[in-house]
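First the structure, in the form of structure tokens, and then the observations on it.
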Amino acid sequence: MKLFKKKDFDPSEEIEDLYGPPIAPPDEDPIAKAKQSERLYGPPPKRVPDPIPEVQVMECIYGPPEMLADPEGYRLRNHEPFFTTGEILPFLRGIPSSKTTDTYRKLKSCYDAIRKLTRFIPKVGLVLGSGLGDFAESCVEIVDIVEYSALPDFPLSTVEGHKGRFVFGYIEGVPAVVMQGRVHYYEGYPMQDVVMPTRLMSMLGAQILMLTNASGGINTDFTAGDFMLITDHISCFSPNPLIGPNVDELGTRFPDMSEIYDGELRGIVKSAASDLDIGLKEGVYVQLTGPSFETPAEIRMLRTLGADAVGMSTSMEAVAARHAGMRVCGISCVANLACGLTDRPLTHAEVQESADKAAPRFKALVKESIRRFGKISFV
Ligand code: HPA
């Protein structure tokens with residue numbers, strides 16, 4: 001008869017493979033043990049969080065050793081945020097804070113850099129679209145100019161014909177900041193960077209934002225050279241610029257967009273257009289990412305969705321501005337009929353040429369609207 005020795009065959013191993021480790025007998029049950037210990041000795045002391053190692057705190061405030069050796073090079077290579085002690089401690093404890101995000105850091109560094117160059121406080125922000133490029137030279141009593149290239153982390157426009165600077169000064173006596181050159185999503189910047197200039201204008205004091213652009217007309221009643229007052233927009237074909245930790249200092253997490261283009265401002269632009277005898281259509285603007293123009297099928301789809309004009313900017317800026325509590329107004333110059341509505345292929349040169357042709361009337365309308373905005377009481 002063959003005898004099994006325990007070392008050759010241990011049934012408990014097989015059982016453990018099949019059913020897992022044995023259940024602890026009641027006297028070894030950790031919960032029961034803890035309860036018994038609490039009965040005997042009272043509740044256990046509250047757990048104090050481990051202190052954050054000093055070296056970790058120092059590194060987050062001052063940066064790692066290689067950064068201290070070459071701060072500028074390190075910052076460029078790593079885009080490492082710099083923090084103050086008050087900002088970093090909640091971050092280290094795992095508490096989310098907009099102050100620990102790249103978005104906040106970039107805004108703060110650009111704001112600080114602008115404030116070193118100008119003390120001007122604008123009431124109105126104006127973004128110049130195609131055709132209005134030289135508005136600043138002809139219609140602004142210029143006080144200060146800040147080149148985008150002087151601002152650390154500022155997205156630089158790569159589009160030909162778009163200058164890159166903030167012009168501070170008076171438009172018909174109204175203190176304004178003018179963006180001469182905007183950044184587009186198709187240039188490859190994250191959407192949070194695309195709206196950084198808008199947010200900066202708000203941080204600098206602007207309470208009203210006038211957005212201008214050139215667009216393709218989808219509405220068959222439109223002709224090239226028309227102006228369209230933007231009544232609403234469709235922005236859901238592009239990433240929302242507010243994605244990411246909310247910048248609480250600017251606005252709420254879930255901002256209302258029910259009247260994104262301010263009713264009172266629209267009324268003012270309409271009366272200015274009427275008094276200047278400038279035709280003004282109204283409609284819904286849709287922003288696509290570009291840079292390719294749309295296909296005829298896409299234009300048919302956009303018309304079915306209720307869009308009147310299509311472009312590659314503006315809606316995102318409007319969303320960021322509303323988030324920051326600005327009152328927004330938008331005028332689009334319908335530079336061409338959208339794809340499929342003419343038999344000619346679209347070119348950027350045609351858009352630019354048409355926008356340039358409409359520029360004198362566009363400038364007059366923008367200038368007069370801003371003069372009238374100046375009569376609104378500001379907070
Ligand atoms: N489509 C998109 N963006 C535009 C157009 C267009 O037809 N015209 C001017 N910007």
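State the extension gain, in nm to one decimal, for the chain segment bounded by residue 305 and residue 32, taking 0.36 nm per residue of separation less the distance between their alpha-carbons.
On the way: separation 273, 0.36 × 273 = 98.28 nm, distance 6.37 nm.
The span from residue 305 to residue 32 would gain 91.9 nm if fully extended.
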### Query
In nanometres, what is the gap between the two model label sites at residue 39 and residue 257, each 7 Å from Cα along Cα-to-Cβ?
6.1
### Message
At a 10 angstrom cut-off on C-beta neighbours, averaged per residue, how do the peptides 329-337, 140-148, 289-297 rank from highest to lowest?
### Response
329-337, 140-148, 289-297
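Is the shape of the stretch 180-230 best called rounded, prolate or oblate, per the rule: a/c under 1.5 gives rounded, else a/b larger than b/c gives prolate, else oblate, with a ≥ b ≥ c the square roots of the Cα gyration tensor eigenvalues? Can you show the working numbers first?
Details: a/c = 3.33, a/b = 1.65, b/c = 2.01.
Oblate shape, in that a/c is at least 1.5 and b/c is the bigger or equal ratio.
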#### Entry: Alpha-carbon centroid distance for the pair the stretch 195-221 / the stretch 265-283, whole angstrom
17
### Query
With Rg and the Kirkwood Rh both taken from Cα atoms, where does Rg over Rh land for the stretch 101-373?
0.94
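With a 10 Å Cβ neighbour count serving as the proxy for reagent exposure, in which order, fewest first, do 222, 254, 362 appear?
Details: 222 23, 254 9, 362 26.
Arranged by neighbour count, lowest to highest, 222, 254, 362 become 254, 222, 362.
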#### Entry: Rounded, prolate or oblate (a/c below 1.5 giving rounded, otherwise prolate when a/b exceeds b/c) for the stretch 307-365 by Cα gyration tensor
oblate
### Summary
Other residues with Cβ under 13 Å from the Cβ of residue 121 give, with Lys and Arg +1 and Asp and Glu -1, a net charge of +2
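Pairs to check: 106/163; 123/270; 163/375; 108/357; 123/281. Give those whose C-alpha atoms are more than 32 Å from each other in this structure.
Details: 106/163 21 Å; 123/270 21 Å; 163/375 30 Å; 108/357 39 Å; 123/281 27 Å.
With Cα atoms farther than 32 Å apart: 108/357.
Quote to one decimal, in nm, the extra length available between residue 237 and residue 118 on full extension: 0.36 nm per residue of separation minus the C-alpha distance between them.
Details: separation 119, 0.36 × 119 = 42.84 nm, distance 3.68 nm.
So the extension gain works out to 39.2 nm.
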### Query
How much length is gained on full extension from residue 376 to residue 364, taking 0.36 nm per residue of separation minus their Cα-Cα distance?
2.4 nm
### Query
When Lys and Arg each count +1 and Asp and Glu each count -1, what net charge do the other residues less than 14 Å away from residue 191, Cβ to Cβ, add up to?
-1
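In terms of the Cα gyration tensor, with a ≥ b ≥ c the square roots of its eigenvalues, is the stretch 149-288 rounded because a/c is under 1.5, prolate because a/b exceeds b/c, or oblate?
rounded
Read the figures in this text as sums done on the coordinates, not as results from a lab. Note that the structure is predicted; figures quoted are calculated from it, not measured. Quick reminder, even Gly has a Cβ in these numbers, built from the backbone with ideal geometry, and neighbours come from all protein chains shown.
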